[in-house]
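Here is the structure we will look at.
The values are calculated or read from the model by the stated rules, or taken from the named source; none is laboratory data. What you see is a predicted model, and the numbers here were worked out from it, not measured in a lab. All Cβ positions, even for glycine, are placed from backbone atoms using ideal geometry, and neighbour counts span all protein chains on display. Heavy atoms of the whole protein, side chains included, go into the accessibility calculation; ligands, DNA and RNA do not. Shrake-Rupley method; radii C 1.70, N 1.55, O 1.52, S 1.80 Å.
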Amino acid sequence: MNHIPYMGIKSNTLMGYMKPYNPDQPRRKFMAQVDERPRLAADKAALPPPQEAATGVTFQIEGMTCASCVSRVERALKKQPGVIAANVNLATERANVSYLADAVSPEALEQAVARVGYAAKRLDAATEPSADRRGAETKALTRSLAIALIFTVPLVFLAMLPDLFMPLQGLLNQKLGLQNLRIIECALATIVLFGPGWRFFTSGVPALLHGAPDMNALVALGSFAAWSYSVVATFAPELFPAGTAHVYFEAAGVIVTLILLGRVLEARAKGRAGAAIQHLIGLTPKTALLLRNSETVEVSLTTIVPGDLVLIRPGERVPLDGQVIEGASFVDQSMLTGEPEPVRKGIGEDVVGGTLNTSGSLTIKVTKTGADSVLAHIIEMVEQAQGAKLPIQALADKVTAWFVPAVIGIALATFLVWLIFGPQPSFTYALINMVAVLIIACPCAMGLATPVSIMVATGRAAELGILFRQGAALQSLRDVSVIAFDKTGTLTKGRPELTDFFVAPGFEKDEVLALAASAEAQSEHPIGKAIVAAAKARKLETQKVESFEALAGFGINATISARKIAIGADRFMAKLGIDVASFAEDAQRLAQEGKSPLFAAIDNRLAGAFAVADPLKPSAAKAIAALKAQGLTCAMVSGDRQATAEAIARKLGIEKVVADVLPEGKLAAVESLRAGGRKLAFVGDGINDAPALAAADVGIAVGTGTDIAIESADVVLMSGELDTVTAAVALSHATLRNIGQNLFWAFGYNVVLIPVAAGVLYPAFGILLSPMLGAGAMAFSSVFVVTNALRLKRFRVKKPS
């Protein structure tokens with residue numbers, strides 16, 4: 001076992017509700033507080049003037065279909081004066097922009113997006129919910145697909161079936177004539193192309209004219225080339241050499257229909273990917289039973305304000321955050337913590353909106369409404385994480401910036417090579433292969449590879465009680481090799497119990513315990529609460545405290561009835577000049593048992609010794625074993641004495657122990673544990689964990705901890721149980737594997753099939769790719785990526801055995 005000694009005692013505070021994530025106030029702010037040092041006057045003079053605070057805004061972007069669209073919108077936003085950062089996400093169809101309010105307005109940003117061919121709508125309370133908008137879009141796509149199929153099926157029948165069944169070809173030529181047959185095909189293809197397929201032209205042509213073509217431009221160019229060539233061959237065949245005036249109306253129609261089919265399947269799959277957020281939104285009822293003048297009135301939640309009294313009947317969902325003032329019941333908090341067992345709630349306890357009241361009736365006093373509620377903050381954090389970009393996406397972004405122009409260049413080169421060097425009719429070969437290249441290229445898959453996996457993973461994590469406040473933590477957590485745990489409240493329940501109590505000669509147990517409890521009643525420290533609870537169990541009365549002082553990392557001083565009381569660790573007694581040698585043997589034995597020995601002095605005389613033990617969480621040992629099985633090194637940071645910390649670590653199977661840590665020493669502990677360039681995650685819950693959470697590569701806050709700890713963290717564990725740490729790490733690995741598979745497919749698909757579409761296999765094998773097959777492949781490539789990402793919805797926590 002490795003030991004890294006530091007000095008100090010752990011402190012803890014009461015549970016607080018979460019505050020909303022503010023992207024303009026990153027968690028590193030705590031590092032600034034920790035790293036403040038005196039500066040010389042010259043240093044101060046060299047500092048730049050303070051910068052204006054940035055403002056954040058989120059837009060819903062309509063009209064994006066591929067990664068090239070993302071690049072265009074991002075470039076348009078970043079070009080605006082005053083824009084600090086812009087992040088556009090294809091899966092969520094949103095843009096998060098950080099800007100200086102005095103330099104640019106949201107309206108100007110909307111206009112900038114409109115100039116490059118897209119619609120930006122600022123998200124606020126009045127904005128149409130994304131699920132409703134996406135549902136409407138899916139319906140519109142499905143309607144277009146149905147119309148396209150109605151006209152494409154007979155088009156394919158007329159164009160291709162006669163070639164497969166020669167007697168039918170003779171019959172059609174005899175009854176209709178070849179020219180009339182082609183005119184019918186032209187009419188059917190025209191309806192498909194400029195009816196359901198018109199959406200590709202309205203988006204693709206402006207993008208092409210702006211010099212930033214996207215996937216719509218590729219589809220529009222390819223289908224229009226096949227259609228226009230066929231129209232000329234139908235109505236002016238004399239312009240072609242004899243026997244070369246072929247028509248490809250069916251190719252134009254099938255291209256549009258297959259791509260619409262792919263869009264429909266993709267839209268439905270993306271809707272399923274965002275289902276976790278919609279489930280959370282749907283947890284809150286629309287109305288509540290308001291208690292008014294001793295009567296209940298059903299009212300809309302929007303009319304309720306903090307301080308109102310609300311009745312919750314058995315089987316109903318808790319409408320808003322509040323505190324129980326009457327009744328008792330078991331409340332299902334699985335939406336919050338991921339734990340299926342209902343939790344008993346009684347008078348004075350907090351309940352969270354969206355949880356389910358299973359048995360008794362409750363009357364609550366509303367404490368938070370609307371955007372201030374816990375559920376609203378959870379939804380906000382999940383949406384922020386879903387909109388994030390991981391470092392692994394950087395390569396895809398660089399490629400997609402030039403992908404579509406490169407494809408158009410390859411298509412033109414293909415046309416020229418086949419026209420000059422191809423067999424006769426060379427123009428026909430050149431046109432068909434050019435169309436195949438334009439149609440088969442798929443920037444959609446590259447654009448969706450990362451964001452759709454993030455969307456599904458963060459949604460699944462929320463269902464398990466794991467909130468990724470920073471989307472990048474999904475990748476960072478995969479890379480950690482060391483996980484350090486704070487002890488009190490993280491590995492332990494945070495509710496110490498008094499297990500042993502000794503008094504020195506000349507003192508009575510009840511007298512010492514009563515005085516100690518009177519002093520500790522002024523403290524919020526869990527150890528102090530254990531002493532107070534022990535005194536209450538003995539029915540001892542506490543006395544009035546005349547003065548009180550808490551010394552962080554040492555103990556407390558108090559004056560009670562003119563008697564001076566001091567309680568703390570051996571180092572505190574040494575500081576006061578009090579010898580604890582008479583209890584040294586007992587203290588050593590207790591420390592070896594994993595108990596924290598404390599000493600009490602009355603009027604500068606050693607009066608007694610206490611042993612306090614904080615029970616370990618039931619999930620702690622199994623979680624540590626599961627993390628070690630994944631190849632991670634586990635460490636514990638504690639303010640306990642070395643022997644006490646070692647005893648606890650042995651019970652848990654933790655290899656590294658950092659003991660005797662003062663609150664301000666946790667930063668140094670974090671740095672020592674990641675020596676050698678190792679990536680480290682820190683798990684904590686208290687106020688004095690905030691600097692360590694901020695300094696770690698990944699900060700993981702236990703959700704039952706304090707606001708400031710949660711604000712400092714990248715990941716929040718809502719249940720407080722440590723098996724969710726194992727789940728978070730496993731989900732991180734699963735997500736990055738999924739993204740890797742998607743990127744491999746997206747890049748591999750284009751790298752392999754674009755050359756095939758260009759005809760590189762023709763000289764050796766005589767193989768050419770039909771534009772219709774290209775359209776089918778392109779349509780299903782993005783569907784493959786989204787479907788593969790949806791597998792993360794089935795991610796399950798493997799319970800340690």
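Could you please find all residues in segment 562-585 being part of a helix (DSSP H, G or I) and more than 17 Å from VAL503 (Cα to Cα)? Selection gives ARG571, PHE572, ALA574, LYS575. When you scan segment 184-204, how many residues do you find that are modelled with pLDDT of 85 or more and within 29 Å of VAL70 (Cβ to Cβ)? So the answer is 11.
Just one of the listed residues (GLY740, GLY720) is on the phi > 0 side of the Ramachandran plot and within 22 Å of the chain's Cα centre (by Cα), and it is GLY720. I'd like the full set of residues that are assigned to a strand (DSSP E or B) and among the polar types (S, T, N, Q), limited to segment 362-383. Matches in segment 362-383: THR363, THR367.
A single member of LEU590, LEU598, LEU606, LEU627 is open to solvent by less than 20 Å² (accessible area, probe 1.4 Å), among the hydrophobic types (A, V, I, L, M, F, W, C) and not in a helix (DSSP H, G or I), and it is LEU598. Pairs are defined by a Cβ separation below 6 Å, a sequence spacing of at least 6 or placement on different chains, a first member in segment 359-372 that is in contact (Cβ under 8 Å) with a residue 40 or more places away in the chain and open to solvent by less than 60 Å² (accessible area, probe 1.4 Å), and a second member that is among the acidic types (Asp, Glu) and assigned to a loop (DSSP other than H, G, I, E, B); the pairs so defined are VAL366/ASP308. Scan segment 73-105 for residues that are open to solvent by less than 10 Å² (accessible area, probe 1.4 Å) and touching a residue at least 60 places away in the same chain (Cβ under 8 Å) and the total you get is 3.
Remark: THR358 falls outside the filter, which requires a residue to be among the hydroxyl-bearing types (Ser, Thr, Tyr), closer than 30 Å to ARG72 by Cα and either in contact with a Pro (Cβ under 6 Å, 6 or more places away or on another chain) or modelled with pLDDT of 90 or more (or both). Helices (runs of 4 or more DSSP H) fully within segment 643-729 that include at least 3 residues being crowded, with 24+ Cβ neighbours inside 10 Å and either acidic (Asp, Glu) or at pLDDT below 85 (or both): 690-695, 707-712. Which one is surrounded by the fewest Cβ atoms within 10 Å (Cβ to Cβ) among residues in segment 195-232 that are in contact with a Lys or Arg (Cβ under 8 Å, 6 or more places away or on another chain) and among the aliphatic types (A, V, I, L, M)? So the residue we want is ALA212.
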